[in-house]
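Written out below as structure tokens is the structure these notes cover.
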Amino acid sequence: MGTTVRGLLQQGNTKLGTAIHVWSIPAVTTCPGRTSICEGCCYATRHRFRFDSVKERLDWNLEQTKRDDFCDRMVKEVRRKGVLVLRVHTSGDFMDRVYAERWLWIMKKVSRPRYYWYTRSWRIPEIAEVLEKMAALKQVRGWYSTDSETGTPERIPKRIKVAYLQVDEDTPPKPADLVFRVRRLRKLPRPRIGLTVLPLCPNEVNSEVSCGSCQRCFA
């Protein structure tokens with residue numbers, strides 16, 4: 001019998017949609033730009049992410065990033081599976097410059113998928129330089145994740161959008177291209193800044209809307 005080779009990528013869940021492939025690593029420890037706010041409500045430390053099988057998978061993924069053949073394996077798998085959309089990090093983040101540069105190489109090497117990511121690593125200057133190069137690629141959609149602790153980035157590179165995490169009803173969201181709210185706030189009226197009604201994540205408004213059907217984050 002042949003040996004089963006474990007793939008690097010997985011198909012998306014109900015929220016993402018099965019047409020989207022995902023890559024993840026452990027949360028928090030790989031998030032150098034994290035804030036106390038995002039760490040305190042991180043979905044990637046709750047629910048299914050507490051299962052031993054999920055923890056083992058994320059730890060295994062992290063180990064793969066340290067291998068010399070990680071980039072080549074990822075490129076081959078993206079091509080072999082005919083990946084159309086790839087979300088980089090449903091859990092975890094660009095943990096250092098070297099790792100970010102590996103993903104930049106992958107994105108340049110195989111341009112067929114639409115890549116997208118959310119990151120707070122923009123707060124780390126040496127990583128931010130690589131993120132900006134990623135976002136300059138036509139097949140990449142980058143989002144800077146923010147909250148009341150990060151504030152709004154002083155400089156937002158071209159083609160990068162801003163997402164805001166609202167965790168407190170008394171703290172209104174700052175202007176952003178997309179607003180995420182913790183579960184207990186999702187039934188509140190749409191947030192408004194002056195006359196502008198800020199855009200909420202459609203899935204948080206209607207759970208039947210998947211990322212694959214919405215496409216706002218990567219289209």
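Read-outs throughout are calculated quantities, based only on the coordinates presented, and are distinct from any laboratory measurement. Please read these numbers as outputs of a predicted model, since none were measured by experiment. Please note: Cβ atoms are built from the backbone with ideal geometry, for glycine as well, and neighbour counts cover all protein chains shown.
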Problem set entry | Hey, residue 157 part of a loop (DSSP other than H, G, I, E, B), touching an Asp or Glu at 6+ places or on another chain (Cβ under 9 Å) and not aliphatic (A, V, I, L, M) or not | yes
Exercise. Any idea which of (1) crowded, with 16+ Cβ neighbours inside 10 Å; (2) outside any helix (DSSP H, G or I); (3) among the hydrophobic types (A, V, I, L, M, F, W, C) is the one residue 49 doesn't satisfy?
Worked result: (2)
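Residues 31, 38: which one is in contact (Cβ under 8 Å) with a residue 60 or more places away in the chain, part of a helix (DSSP H, G or I) and either under 13 Å from the mean Cα position of the chain (by Cα) or farther than 14 Å from residue 115 by Cβ (or both)? Before the answer, list the steps.
On the way: 31 fails: part of a helix (DSSP H, G or I).
Step by step, each of 31, 38 is checked, and only 38 is in contact (Cβ under 8 Å) with a residue 60 or more places away in the chain, part of a helix (DSSP H, G or I) and either under 13 Å from the mean Cα position of the chain (by Cα) or farther than 14 Å from residue 115 by Cβ (or both).
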For this session: Give the residues of the range 173-192 that are surrounded by 13 or more Cβ atoms within 10 Å (Cβ to Cβ) and of a type outside the set (Lys, Arg), sorted by residue number.
Result: 173, 176, 177, 178, 179, 180, 182, 185, 191
For this session: Kindly provide the set of residues from the range 105-122 that are out of contact with any Phe, Trp or Tyr (no Cβ under 6 Å at 6 or more places or on another chain) and either surrounded by fewer than 20 Cβ atoms within 10 Å (Cβ to Cβ) or of a type in the set (Gly, Ala, Ser) (or both), ordered by number.
Result: 105, 108, 109, 110, 111, 112
For this session: Look at the range 133-154 and say how many of its residues are touching a helix residue (DSSP H, G or I) at 6+ places or on another chain (Cβ under 9 Å) and surrounded by fewer than 20 Cβ atoms within 10 Å (Cβ to Cβ).
Result: 6
Problem set entry | The one condition in (1) surrounded by fewer than 19 Cβ atoms within 10 Å (Cβ to Cβ); (2) within 18 Å of the chain's Cα centre (by Cα); (3) β-branched (Val, Ile, Thr) that residue 75 fails to fulfil | (2)
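Out of the range 16-31, which residues are of a type outside the set (A, V, I, L, M) and exposed (fewer than 15 other Cβ atoms within 10 Å of the Cβ)? Step through it out loud before you land on a result.
Filtering the range 16-31 down to residues of a type outside the set (A, V, I, L, M) leaves 17-18, 21, 23-24, 26, 29-31.
Of everything in the range 16-31, those that are of a type outside the set (A, V, I, L, M) and exposed (fewer than 15 other Cβ atoms within 10 Å of the Cβ) turn out to be 18, 29.
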